[in-house]
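Participant: Right, I'll just put the structure down here and ask away after.
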């Protein structure tokens, strides 16, 4: 009936897209971001949303539990001990039911309205491209975060030659089966383009927006964004050198 709110759509048991959002102490960002994801995707594609709570110390989990009544697409996973962003993303992708997975950070700096842009790039791309990585052409971070990211990106690009200008963007679209082929380790989410290329698949960078954080507190600083990343870089470079891809033909 006109003038009455429409009920949320029914959710398929096997949606084509899963949206995975890792969170730690982000209670104030949950409702606004859920509303934006729903607005961006409802009526465009069947989807589910998997929030992975990495053992938050605030009431993030309670807020998520309450939100399930308003968002039938929402599923909530909870780490019983804190394990980090890469593990949270990995937990979400493993539990996902969609053939493709979109990831975005839970702090609200990634704009869910850019997910359709990644889907459009996938529709126009060659089937060999399995990762569509967001590229924040204009950063809305403080000077320290921008500086550490710039240095880390420059060193990573020189050593790994992954042809990706911005691997730190949380907004990505990847085929679930390909993600699960990749080696899992802490901080792997920072090296997805190199790992995907290591497995013989293609990557494409897609310009997306970036927003300042308006709620909550950043979980990253100079130390864990730059120096820990450089330590992981050595391991990924070793993996790249030791990989052998051989074409196989069955008779």
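The values are calculated or read from the model by the stated rules, or taken from the named source; none is laboratory data. Note that this is a predicted model, so its numbers are computed, not measured. For neighbour counting, all protein chains shown are included, and Cβ atoms are generated from backbone atoms with ideal geometry for every residue, glycine included.
Participant: Determine whether the stretch 101-115 contains at least one residue that is part of a strand (DSSP E or B), surrounded by 16 or more Cβ atoms within 10 Å (Cβ to Cβ), in contact with a helix residue (DSSP H, G or I) (Cβ under 6 Å, 6 or more places away or on another chain) and free of Cβ contacts under 8 Å to residues at least 60 places away in the same chain.
Facilitator: Looking for residues that are part of a strand (DSSP E or B), surrounded by 16 or more Cβ atoms within 10 Å (Cβ to Cβ), in contact with a helix residue (DSSP H, G or I) (Cβ under 6 Å, 6 or more places away or on another chain) and free of Cβ contacts under 8 Å to residues at least 60 places away in the same chain, one finds none in the stretch 101-115, hence no.
Participant: I would also like to ask the following. Is it true that residue 60 is farther than 15 Å from residue 27 by Cβ and either buried (at least 19 other Cβ atoms within 10 Å of the Cβ) or touching a strand residue (DSSP E or B) at 6+ places or on another chain (Cβ under 6 Å) (or both)?
Facilitator: So residue 60 does not fit the description; no.
Participant: State yes or no: is residue 146 within 14 Å of the chain's Cα centre (by Cα), at pLDDT below 95 and more than 18 Å from residue 202 (Cα to Cα)?
Facilitator: Details: within 14 Å of the chain's Cα centre (by Cα): no; at pLDDT below 95: yes; more than 18 Å from residue 202 (Cα to Cα): yes.
Here the answer is no, as residue 146 does not meet what is asked.
Participant: Here's a follow-up. Among the residues of the stretch 41-57, how many are closer than 17 Å to residue 111 by Cβ and buried (at least 20 other Cβ atoms within 10 Å of the Cβ)?
Facilitator: Counting residues in the stretch 41-57 that are closer than 17 Å to residue 111 by Cβ and buried (at least 20 other Cβ atoms within 10 Å of the Cβ) gives 3.
Yes or no, residue by residue, for (1) surrounded by fewer than 17 Cβ atoms within 10 Å (Cβ to Cβ); (2) at pLDDT below 95; (3) assigned to a helix (DSSP H, G or I):
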site: 118; (1), (2), (3): no, no, yes
site: 122; (1), (2), (3): no, no, yes
site: 192; (1), (2), (3): no, yes, yes
site: 206; (1), (2), (3): no, no, no
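Participant: Among the numbered conditions (1) modelled with pLDDT under 95; (2) over 21 Å from residue 118 (Cα atoms), tell me where residue 14 comes up short.
Facilitator: (2)
Participant: A further question on this structure: Which one of these does residue 177 not meet: (1) farther than 18 Å from residue 112 by Cα; (2) surrounded by 21 or more Cβ atoms within 10 Å (Cβ to Cβ); (3) at pLDDT 65 or above?
Facilitator: (2)
Participant: Go through the stretch 18-37 residue by residue and tally those that are out of contact with any strand residue (DSSP E or B) (no Cβ under 8 Å at 6 or more places or on another chain) and in a helix (DSSP H, G or I).
Facilitator: 6
Participant: Would you mention how many residues in the stretch 63-92 are surrounded by 22 or more Cβ atoms within 10 Å (Cβ to Cβ) and at pLDDT 95 or above?
Facilitator: The qualifying residues number 7.
Participant: Moving to a separate point now. Against the definition (touching a residue at least 60 places away in the same chain (Cβ under 8 Å), surrounded by 15 or more Cβ atoms within 10 Å (Cβ to Cβ) and within 18 Å of the chain's Cα centre (by Cα)), how does residue 24 come out, yes or no?
Facilitator: So residue 24 fits the description; yes.
Participant: Which one of these does residue 133 not meet: (1) part of a loop (DSSP other than H, G, I, E, B); (2) buried (at least 16 other Cβ atoms within 10 Å of the Cβ)?
Facilitator: (1)
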